[in-house]
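Below is one structure, written out as structure tokens, with a few remarks after it.
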Amino acid sequence: MATDVDAALHEIIAQHGAMDAAAAVEYVKQLKKDHRYMRDVY
């Protein structure tokens with residue numbers, strides 16, 4: 001399920017942030033680096 005949630009997040013960021021897929025990936029990487037996005041998977 002975590003993979004699907006991650007994919008959905010990338011799609012939402014790309015769509016609502018007016019970004020292509022590569023830019024959305026970089027945006028999420030920056031969120032992770034800034035500790036603004038953490039996956040809680042168990």
(message) If I model a spin label at residue 22 and residue 39 as a point 7 Å from the Cα along the Cα→Cβ vector, what separation in nanometres do I get?
(response) 2.3 nm
(request) Would you kindly calculate the mean projected area, averaged across all directions, of the convex hull enclosing the Cα atoms of the chain, in square nanometres? (result) 2.9 nm²
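Read-outs: derived from the displayed coordinates by stated rules, not from any lab. Fair warning: this is a prediction, and the values are worked out from it, not measured in the lab. All Cβ positions, glycine included, derive from the backbone under ideal geometry; neighbour counts span all protein chains shown.
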